[in-house]
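The values are calculated or read from the model by the stated rules, or taken from the named source; none is laboratory data. For clarity, every value in this text was computed on a predicted model and none was experimentally measured. Reconstructed Cβ throughout: ideal geometry from the backbone, glycine too, with neighbour counts over all protein chains shown. We work out accessible area using only protein heavy atoms, side chains counted, and drop any ligands, DNA or RNA first. Shrake-Rupley method; radii C 1.70, N 1.55, O 1.52, S 1.80 Å.
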Amino acid sequence: MGIFRKLLLAGMIGLGATYVAAERFPQLQRYKNAVLPFTILDETKEVPNTMKETSELKPLVKVKHANHREKLEEKIAQLFITRMDNFKEYFPGGILLGKEETETGNFFGRYTSYDPEKTQETIEEFLEKAEAANKRVLIFEEGEGGYVAGIGVLPAAKDIGKYFTDNIIGPTIKERVSPSQNKDVRSAEVEKLFGEYARELRDRGIDVVFGPVLDAVFQEDAQNVLALQDRQFSDQHLEIRKIAQLYLKMMKLQGIKTVGKHFLSVGLAEEGDIHEERVVNPGKISPRRWAGKTYSLFKNDLQGIMLSHTGNPSDFGRPYSVSQRAYEYLTQESYPVSQQATEDIFTENNQEKRRYQGINYQGLTIIDDLSMRGLLDYVQTAPLTNRGKMLTAQASTIEAKAAILAFAQGAESIISLHADLDEIVRNVAQAYHADRNFAQQLERAMKKYAAFAE
């Protein structure tokens, strides 16, 4: 065989292998596009909310089963939400689906496509394992659509908002809605989009969505991480609230639990990405009051609220996820709550005596992924009191230390997608045995999660 034919054959084999890899492993899609940009030929895959052609699926029928958790570690594990492959010994309380479970790569397209069959097969297989282990596990979905890969074909939040408010048809919403000068018509169209999405979630077996996004990103803050990913409905809270009402209405209709995010507001930060660095919200009080009012209006409609790792300017820039002041603002009628100094875990604390009106939210408080640098960078350097040092003395990883501090401050459930979950659970159990107040806080969290899961 001539050298040209050998090179041609090798090239064909390489492209074939790349095609299979891109389809089977959707997380490789962007790497393939970076290395082989000339392969991006399919115009139908130029937006992120396409669906793979599939045969008609029958809805997944979920059966409620027992939740036997005898050991302390098993009870603690249910307070965590993680990936399907991130635990061995202790079953978590929730599984968050990712691109690997829900998407199929498109060799000739820019984006992956949602794959209903793959999604349902994965969920059914996992639920069989949970049932065999007599453990209740909820299935979570990102709840955003658009450029946040997951279940369904929901357009990007920005495109939904632009259409709802200004009758502008963006790329991910094109041909999904009808343009109209009548806002009532546009509202009905958006409600229909949310309804289709909610039905798909129900049919595939989803219990909870991390949505709606309640952040308001100001137009001038173009470098905000949510703005860069088109994940905000609007820069106006009044519009966000109207759209969120439609979202919540359709989720409730299909029996999907909702978790509003990101408290207090990632949208307030002018720039920065809490996945990669510490970010502190500006000190201006007015935007924070607007954000707080939004959560107050929806406090009876949201089963959970996700606290972000952006810094709380009212608490020395401490991430909301480990800021006791933030939890008090969210969950109390008025704050700050009187505390003994011996209960503090950070040496630097706001000693302000003035009382403020709180939101008085009574649902589940969840914190964003433990592995984000906005949290870990703070936890690595923050000076702790003797109690804080005692609680975290046995923490074998920085993520375990962050989880213990978050629980101590008021968190009731934690997302942990990358750190070793079994190790974190063991470390939290050690802190439980070391401190009575911490143990009581965890017991309250277990009761709140049990109520959330019902």
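Each Lys and Arg Cβ is given +1 and each Asp and Glu Cβ -1; about its Cα centre, the chain then shows a dipole of about 680 debye.
In region 329-454, taking the dipole from charged Cβ atoms about the Cα centre, the farthest positive-side position among F438, Q357, T392 is held by Q357. Labels on offer are [x] 0.93; [y] 1.01; [z] 1.06, and the one holding Cα Rg over 2.2 N^0.38 Å computed from this structure is [y].
Note on V185: accessible area is roughly 60 Å² with a 1.4 Å probe, heavy atoms of protein only. Take the chain with all the other protein chains still there, run a 1.4 Å probe, and you get 46 Å² of accessible area per residue. Charges on Cβ only, +1 for Lys and Arg, -1 for Asp and Glu, centred on the Cα centroid of the chain; of N106, L28, V185, which one is farthest towards the dipole's positive end? It is V185.
Note: relative contact order over the chain, using C-alpha pairs below 8 Å and six or more positions apart, is 13 percent. Histogrammed with a bin width of 10 Å, the alpha carbon distances of region 33-190 distribute as 10, 29, 28, 21, 11, 2 percent, first bin at zero. When a 1.4 Å probe is rolled over the protein heavy atoms, the share of accessible surface on region 365-408 that falls to carbon and sulfur comes to 46 percent. For K293, the lysines whose Cα comes closer than 20 Å to its Cα, not counting residues fewer than 8 places off in the same chain, are K242, K249, K261, K284. Taken about its Cα centre, region 56-135 carries a charge dipole of roughly 320 debye when the Cβ of each Lys and Arg holds +1 and the Cβ of each Asp and Glu holds -1. Listed by chain and number, the lysines placed with their C-alpha closer than 29 angstrom to that of K71 are K62, K88, K129, K135, K257, K389, K401, K447, K448; residues fewer than eight positions away on the same chain are left out.
Of the solvent-accessible surface of region 115-228, computed with a 1.4 Å probe and all protein chains present, 43% belongs to carbon and sulfur.
Share of carbon and sulfur in the accessible area of region 274-313 stands at 47%, probe radius 1.4 Å.
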